[in-house]
Every structure is written in structure tokens, then in C-alpha cells.
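> Below are the C-alpha cells for one structure; questions will follow.
The values are calculated or read from the model by the stated rules, or taken from the named source; none is laboratory data. All of these numbers come straight from a predicted model, not from anything done at the bench. Positions of Cβ are backbone-derived with ideal geometry, glycine not excepted, and every protein chain shown enters the neighbour counts.
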Amino acid sequence: MTDSDESDEQRPAKALPPAAPLPDGDPTRVHPPTAVTVSFGLWLLAGLVLILGFGLTLTARQQIIDTLIEMNNDQRITNDQIASGTTSLLWTLFVGAIVFGVLFGLFAYKTREGTRSARTVLTVLAAVVLIFQVVLFSNLVTLASALVTIVATVLLYLPNVQGYFAKPSKAL
């Protein structure tokens, strides 16, 4: 779990789970609680679904451009500007989805190690994704990703996993 030299007798005093060697025989790593393991899988799924959702949006680029051109009441904005701006926006959203997917995977991996700050970062990322999907831009697939992030976040805050994310003790 960490680089500390704590014995199994010292762990319960800090509400940490006792060290249980993993199948590879490494006694310094511990099994994360089931809820953390499930959350890890959900974070990976949410990242993949988010990328898929924005990938599908990118494939519907021409339909989006046509709709925006029809809605254009401002003669100062040309159809070419609408097409160019929409294409740039959709590619930016797609690249952003890839970045969020990578961040989901990285910090979800760190939560499996019991890193408390990774849980906090994932909570912030979930809030950003939820706000972005509900308020600014969404489709059915990306909303599904936001729902999965909510479930994954809730699993990280269940009472039975609180000890796994115990506050680090202050050194004297």
C-alpha cells in the first residue's frame, strides 16, 4: 500500500487494513476493499464510454454543422466559419475526453493503492464531467458516462472503505 515499515500490529491502530499478500506474493501490497476494486473498473468504463460518446459525436459532425447553419440568423458569420468552428470544437471535445479517460485510469489506479488524494481528484473530475455533461454538452452515451462516474465516486466514500483511505499520521 505505501512505503511505510509498519507491522500488522500497528495497522489496526491507524484503521488500516491488515496486510494480506497478493497472489504474486508481495507482502507490501494489500487487497483493496471490493468497493474500491469495483470503483476502479467503473472509472475505466466511464473513461471508455466518455471517449466513445465524443467519438460518436465527432462522426455526426456534418449533421451538427448542417443544423447550426440552418439556425444561423447572424449574417456576419459565414457557413465556412460555422463548419470550421464546429469541427475544431468537436475535435477539442474528443481530445478532452481522451485526456479525462487517461486521468480516470491514472487516479483510479492510485485509489486502488489507498491514495487519499487520488480519491479527491476523482471526485473533482466527476463533478467537472457531470457539470459539463448536464449543463453544456451531452448526448445519451456521454450522460451514461457521467452516471457511471457518479456511481464510481459513491463507492469510494462508502463507510466500509473509509479505513482504506485513512488520513496519514503526522510525523513527530
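> Taking segment 122-172 only, how many residues are of a type in the set (Ser, Thr, Tyr), loosely packed, with under 14 Cβ neighbours inside 10 Å and within 21 Å of Val38 (Cβ to Cβ)?
Going through segment 122-172 one residue at a time, the tally reaches 1.
Residue-by-condition table, conditions (1) under 25 Å from Val121 (Cα atoms); (2) of a type outside the set (A, V, I, L, M, F, W, C):
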| position | (1), (2) |
| --- | --- |
| Val38 | yes, no |
| Leu42 | yes, no |
| Phe54 | yes, no |
| Arg61 | no, yes |
| Ile64 | no, no |
| Val95 | yes, no |
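> Determine, yes or no, whether Ser145 is of a type in the set (Ser, Thr, Tyr) and either in contact with a strand residue (DSSP E or B) (Cβ under 6 Å, 6 or more places away or on another chain) or part of a helix (DSSP H, G or I) (or both).
Spelling it out, Ser145 is indeed of a type in the set (Ser, Thr, Tyr) and either in contact with a strand residue (DSSP E or B) (Cβ under 6 Å, 6 or more places away or on another chain) or part of a helix (DSSP H, G or I) (or both).
> So how many residues does segment 122-172 have that are closer than 15 Å to Phe100 by Cβ and touching a Leu at 6+ places or on another chain (Cβ under 8 Å)?
Matching residues across segment 122-172 total 15.
> Can you name the residue in segment 92-114 that is farther than 21 Å from Leu143 by Cβ, more than 11 Å from the chain's Cα centre (by Cα) and in contact (Cβ under 8 Å) with a residue 24 or more places away in the chain and is also surrounded by the most Cβ atoms within 10 Å (Cβ to Cβ) among such residues?
Thr111
Yes/no matrix, rows are residues, columns are (1) part of a helix (DSSP H, G or I); (2) of a type in the set (Asp, Glu):
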{"position": "Ser39", "(1), (2)": "yes, no"}
{"position": "Gln63", "(1), (2)": "yes, no"}
{"position": "Leu68", "(1), (2)": "yes, no"}
{"position": "Gln75", "(1), (2)": "no, no"}
{"position": "Asp80", "(1), (2)": "yes, yes"}
{"position": "Gly85", "(1), (2)": "yes, no"}
{"position": "Thr92", "(1), (2)": "yes, no"}
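> Sticking with this one: Hey, among Ser117, Ser88, which residue is within 25 Å of Pro33 (Cα to Cα), among the hydroxyl-bearing types (Ser, Thr, Tyr) and loosely packed, with under 13 Cβ neighbours inside 10 Å?
One residue alone meets the criteria, Ser117.
> Continuing with the same structure: Select from segment 135-157 the residues that are at pLDDT below 90, β-branched (Val, Ile, Thr) and out of contact with any Gly (no Cβ under 8 Å at 6 or more places or on another chain) and list them in ascending order.
Val135 - this is the single residue of segment 135-157 that is at pLDDT below 90, β-branched (Val, Ile, Thr) and out of contact with any Gly (no Cβ under 8 Å at 6 or more places or on another chain).
> For segment 113-139, which positions are basic (Lys, Arg) and touching a Ser or Thr at 6+ places or on another chain (Cβ under 7 Å)?
Listed by number, the list holds a single entry, Arg119.
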